[in-house]
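Enquirer: This is the structure I want to talk about, given as structure tokens.
Just so it is clear, none of the values below were taken in a lab; they were calculated from the coordinates. Everything numeric in this text was worked out from a predicted model, so none of it was measured. Cβ coordinates were reconstructed from backbone atoms using ideal geometry, including for glycine residues, and neighbour counts include every protein chain displayed.
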Amino acid sequence: MIEAVISILLVGVMLVAALRTTGAAARGRLVEDETRRAADLARQMISEVIQNHFEEPEVGGFGRESGETSGDRSNWDDVDDYYNVIENTLVTKDGTEVPNTAGWRRTTQVAYIDPASFEASGSDTGIKRITVIVQAPSGKSVRVDSLRGRVSSYAQPPTMDTTYLSGLNVELQIGDRASTRIASGVSLLNSVPLP
């Protein structure tokens with residue numbers, strides 16, 4: 001009889017340990033998924049920003065010019081139009097809400113940087129740092145930085161009138177569950193002419 005009680009006790013202890021391990025693994029998986037999703041959302045914005053001109057083609061200046069409203073990014077044409085953008089509802093450049101992002105927050109900052117120290121600079125140095133911070137509903141944040149120079153592959157004018165592919169955004173979903181949907185984007189370093 002005592003052997004049965006001891007074996008039940010041992011099995012119970014082992015079961016509790018196994019359940020705790022499984023729970024910790026599940027929580028770790030959720031954190032990993034949230035971090036990956038936040039990084040994807042940050043890269044999506046970086047891809048959108050970096051495809052624009054380094055500075056306003058017509059007048060120069062820093063920040064949004066007249067006619068470039070904070071709620072509509074479809075007519076933003078230079079990198080610093082994205083200065084101090086705070087999104088509580090995440091949207092794409094055309095204003096479409098990014099699916100499955102309720103409770104997420106995305107902040108975009110643009111600043112000139114000193115090329116020697118990579119610290120912010122108050123004057124035009126020919127290099128801008130784009131910083132995107134995405135905060136998940138849990139409060140966990142992911143930061144992605146990118147540099148955009150005045151002279152880059154995006155700044156080269158085409159030799160003839162044509163349309164170029166300079167970036168690619170992808171959304172994938174497995175099955176009918178919206179939670180399996182992911183989105184990402186990339187800026188192409190070599191502009192590809194479209195047929």
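Enquirer: Report the Rg/Rh value for the stretch 2-154, based on alpha-carbon coordinates and the Kirkwood definition of Rh.
Expert: 1.28
Enquirer: Sum up the charges of everything whose Cβ sits under 13 Å from the Cβ of Ala39, counting Lys and Arg as +1 and Asp and Glu as -1, but leave Ala39 out.
Expert: Value of the local net charge: +1.
Enquirer: Taking K and R as +1 and D and E as -1, what net charge do the other residues with C-beta under 9 Å from the C-beta of Trp104 add up to?
Expert: +2
Enquirer: Residue separation times 0.36 nm, minus the C-alpha to C-alpha distance between Ala18 and Asn84: what's the value?
Expert: Between Ala18 and Asn84, full extension yields an extra 19.0 nm.
Enquirer: Kindly give the semi-axes, whole Å and largest first, of the ellipsoid equivalent to the stretch 59-125, taking each as the square root of 5 times a Cα gyration tensor eigenvalue.
Expert: So the three semi-axes of the stretch 59-125 are 26, 16, 8 Å.
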